[in-house]
1. Counting only other chains, what is the mean number of Cβ atoms within 10 angstrom of the Cβ of each residue in peptide A:388-394?
2. Tell me the Kirkwood radius of the range A:86-145: reciprocal of the mean inverse pair distance over distinct alpha-carbon atoms, in Å.
3. What is the average number of partner chain Cβ atoms found within 10 Å of a Cβ in A:356-369?
4. If you build the convex hull over the alpha carbons only and average its shadow over all orientations, what do you get for the range A:182-294? Give it in nm² to one decimal.
5. Under a Cβ-Cβ cut-off of 9 Å, what is the net charge of the residues other than A:ASP325 that fall near it, where Lys and Arg count +1 and Asp and Glu count -1?
6. Can you tell me which lysines have their Cα less than 23 Å from the Cα of A:LYS39? Leave out same-chain residues fewer than eight positions away.
7. Quick one: if you stick a label point 7 Å off each Cα along the C-beta vector at B:ASP50 and A:LYS257, how many nm between them?
8. Computed over the Cα atoms of the range A:361-444, what is the ratio Rg over Rh, Rh following Kirkwood?
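What follows is calculated from the coordinates using simple rules that are stated; it is not laboratory data. This one's a predicted model, so the numbers in the text were calculated from it and none came from an experiment. As a convention, Cβ positions derive from the backbone with ideal geometry for all residues, glycine included, and neighbour counts pool all protein chains shown.
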Amino acid sequence: MNLHGRTIHELHQMLVDREISSFELTQLVYAQIDRVEEKTAAYLTLTRDLALQQARAADERLRDGRDATPLTGIPIALKDVLCVRDVQSTAGSQILKGFVPPYNATVVERLDREGAVFLGKTNCDEFAMGSSNENSGYRPVHNPWDLDRVPGGSSGGSAAAVAAGEAIAALGSDTGGSIRQPAALTGIVGMKPTYGRVSRYGLIAFASSLDQVGPMTRDVTDCALLLQVIAGHDPMDSTSSPRPVPDYLAQLASGVKGMRLGVPREYFVSGMEPGVEAAVRAAIRTLEQQGASIEEVSLPNSAYALPAYYIIAPAEASSNLARYDGARYGFQDGSGRTVIEEYQATRQHGFGQEVKRRIMLGTYALSAGYYDAYYLKAQKVRTLIIEDFKRAFEKVDALLGATSPTVAFPLGAKTADPLAMYLNDIITIPGNLGNVCGISVPCGLAGGLPVGLQVIAPGFREEVALRVAFAYESASGFHNAHSPLLEAAVA
Amino acid sequence: MPEPESELSSAEVEHVARLARLGITAEEVTRYRDQLRNILAHINALNQADTSQVPATAHPLEERNVMRADEVRPCLSVEDALRNAPKVDGAYFKVKAIQE
């Protein structure tokens, strides 16, 4: 019986029916990790002993039958920006090398309570700053579809792990597209929930008004299952919303008949690859055939999203990353004579180039004389982007577009030009600034590489995005396409 | 007040690095200056947006003043809090001299 490539919901049924045990399943996933990890570099830390211990406990729970949940016994990977008690958590940075958190992130705690199995910590761009995973402070991740290409970023390790069969599902984090873009580039499903939907407690901070944790999965049903567990108010995060969490599975299969779906004309940006545009246009036709009415809409301030983001996110990051001083945890340089020199040396040698670039940009934008021109201006532009979405959602239920303007690009192709790298997130960033939710779902291949369809729904209407994505997935079946690395295991 | 439109200078890069407590080499000053100039030129597109009639969004949530009861609850032990520290002295983090 071959279990590679199966989903959470399929495996849950098999676990409940005792066709397999969680222990066997976990060992099987580690066997795939042993086969392909050398090629993908999806993980920074593997937690084999912890996982097998959790799997044994899950098997007892499943035998007992009473409190088994859809995630009990399911092997899951966690992006390295999430704190896991007693497990090294570095956010992909050398400055946090050796840091072992004394507590769990709330999302980790919740998965643990459900009886999920933690495979390890996945590789990512340092402090989640990047769109290719080449900013990892350790090693770049390789795309399981083509090992010479990037998996996207910053949650590239989580994406590669799911796409290569090195995890059944994973958690990532998304500040400007860091879940959706790598999901698109590796042919999996990835969702950025609305800001405030999921607790950020124990998520190593990048930009605190934008960061959200979200699911990265093989299909939309799994995405709904994972979101169900991590969503909801957390007393440890005052910015997590007290709004009730709906049942994400209840309306999943309701279809799109009668729904109004908008296509923002600004999202077909110049520089979009023809193969990507063709796949996305075909996906939109599929949803029309399923009974949705499609109309063109305009989000006129979209072009300002990228420049506004590259003020707001670095400004917040420069403040958040001030805590890395080498005194309390992580790397300490040791060469400074005074405390200030020590800070400077530790931060110079502990942070990578992109992180330093963004700290400088953010510090500059917040410094005396520039605050009004940059930070305040960007926050006003953020209001314009929020209003764009509000107006569009008066007319339509959800928006459709590409997730990324390109398919996965070769490693090294954009590393010399930071601005070219930033442009990868041009159609995901508005969703973070606009405080809406978005999901990327596989919509075919262009030149043999995966393309993602992005479905954007209003804030706190994740069930709408999931429903549209599920209708598309069911009609297209593109989620069944596997990367060569996973295909080899399935065969 | 300096003009944001004016080109970023090496001296400004050094000043910003000092503010951010980032050690920086001469080679990095030049590289960051050129890269940041390029990024800022792109960011200056924001000036075309008419924001005269809109308030700033400082935070995306509508919730305000989240309150809770002022009760003592369990927290990290001193031992746990110091576990990751490079240097400790008793129950304290140990740092280099504040003044020479």
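1. On the way: counts 0, 0, 0, 0, 0, 0, 0.
Averaged over the peptide's residues, the number is 0.
2. On the way: mean 1/r = 0.0779 Å⁻¹.
Hydrodynamic radius (Kirkwood, Cα pairs) of the range A:86-145 is 12.8 Å.
3. Numbers: counts 7, 6, 1, 6, 15, 7, 2, 8, 12, 4, 3, 6, 3, 4.
Partner-chain Cβ atoms within 10 Å, mean over residues of A:356-369: 6.
4. Numbers: hull surface 35.8 nm².
Reported value for the Cα convex hull: 9.0 nm².
5. +3
6. Within the straight-line limit of under 23 Å, A:LYS39 reaches these lysines: A:LYS79, A:LYS97, A:LYS121, A:LYS414.
7. If labels sit at B:ASP50 and A:LYS257, their model points lie 4.5 nm apart.
8. On the way: Rg = 16.2 Å, Rh = 15.5 Å.
When Rh is taken as the Kirkwood radius, the ratio is 1.05.
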